[in-house]
Amino acid sequence: MGEHNTDDDMSDLKADGPNSDQIEYWNGDTGDKWVDAQEKLDPVLEPAGLVVMDKVGVRPGETVIDIGCGCGATSLELAQRVGPMGRLLGVDISIPMLRRAGERAAALGLAHTAFINADASNYRFEAGAADLVFSRYGVMFFTNRVEAFANIRKGLKDDGRLGFICWQPLDKNEWVLLPRDVALRHVPAPEPMDPLAPGPFAFSDPDRVRGILGEAGFQDIAIDSHEPFMSNPGTLDEVTNFLTYFGPASRLIADADDATKKAVENEVREAIAPRHDGKGVALKAAMWIVTARA
Ligand SMILES: C[S@@+](CC[C@H](N)C(=O)[O-])C[C@H]1O[C@@H](n2cnc3c(N)ncnc32)[C@H](O)[C@@H]1O
């Protein structure tokens, strides 16, 4: 269903694509960070992806597209669910993350799995071929949102399903709010940003998501709240490192001196210490589970 082109030069995507900033971002330090932390991230993110898969249904023999598949955790799970008679296509703009995904699929012998380095907003998907388009936190980064979803829809069969998960607002996600608030006690607040600009929280307003999907031609749009405690396994130090390694806190302290970084880590550690149960720390999270039909 698609070719493996992860070793291609990125220049075409960068030169004329609408999402060139994101292509640069996910091929720079951020992509490398996700690859380095993949083994730690997988268990933290896994439950939410499984909730979407169970809700939307993934059947043996189906053709599934995983948008923004990253290091491939969900692609591997989807490939196993559709089985060898099905097909799985992982799409991402990040070459380092796609490489990891490809290596993992090869190690598991998942021959019915392909990964492509492409911008899902304008990639020419095989028209009307997919039963399901899935994404775990991979569809909030388009600048051209309606066009992107209209393009993705073209890859679905007439009655094809869409199922993805995205974040509710930052202030409902303690796992990013807590370290961010600690960081803001040590570094100046950044210039206010458009909260709906492409990024992890761009789909936090469900009415807006409904509008985008509707304009793109999707029907039967359902948006359900999912508000679990997100488990962060590991020692207190490991969880502290994790919480300051990703998200707004990490960006706030990226250019800070070592003493400031240490102070932020110490305060995060102090804040979560009473909640460490010997195995890890569970922090409140809030996501939207979005389903629709082509
Ligand atoms: C937050 S990460 C999630 C990765 C993966 N789905 C997971 O849950 O581990 C977002 C992913 O979306 C990808 N992405 C962002 N914009 C994209 C686009 N226009 N087309 C395809 N992938 C994109 C990024 O490269 C990144 O891998």
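The values are calculated or read from the model by the stated rules, or taken from the named source; none is laboratory data. Fair warning: this is a prediction, and the values are worked out from it, not measured in the lab. Cβ placement follows ideal geometry from the backbone for every residue including glycine, while neighbour counts extend to all protein chains displayed. Just so you know, the surface numbers come from the protein's heavy atoms only, side chains and all, with ligands and any DNA or RNA stripped out. Shrake-Rupley method; radii C 1.70, N 1.55, O 1.52, S 1.80 Å.
Using the Cβ atoms and a cut-off under 9 Å, what net charge is assigned to the surroundings of residue 62, where Lys and Arg are +1 and Asp and Glu are -1? With Lys, Arg at +1 and Asp, Glu at -1, the net is +2. Local charge sum around residue 216 (other residues, Cβ-Cβ under 9 Å, Lys/Arg +1, Asp/Glu -1)? So the environment of residue 216 carries a net charge of 0. If you plug the beta carbon distance of residue 277 and residue 197 into 1/(1 + (r/R0)^6) with R0 = 30 Å, you get a FRET efficiency near 0.25. Of the peptides 170-176, 94-100, the ranking by mean beta-carbon count within 10 Å, highest at the top, reads 94-100, 170-176. Inter-label distance, residue 108 to residue 226: 1.7 nm, where each label sits 7 Å from its Cα along the C-beta direction.
To put it simply, the accessible area of the chain at a 1.4 Å probe is 50 percent carbon and sulfur. For the residue pairs 33/261; 55/284; 33/157, the C-alpha atoms sit more than 27 angstrom apart in 33/157. As a length-normalised measure over Cα pairs under 8 Å and 6 or more apart, the relative contact order of the chain settles at 19 percent. The Cα center of segment 99-138 and the Cα center of segment 35-98 differ in position by 8 Å. Over the chain, accessible surface divided per residue gives 45 Å², non-protein components excluded, 1.4 Å probe. A cut-off under 12 angstrom between Cβ atoms defines the neighbours of residue 293, and their net charge, with Lys, Arg +1 and Asp, Glu -1, is -1. Just for the chain, what percent of DSSP beta bridges are antiparallel, to the closest 5? Percent antiparallel among DSSP bridges in the chain is about 50.
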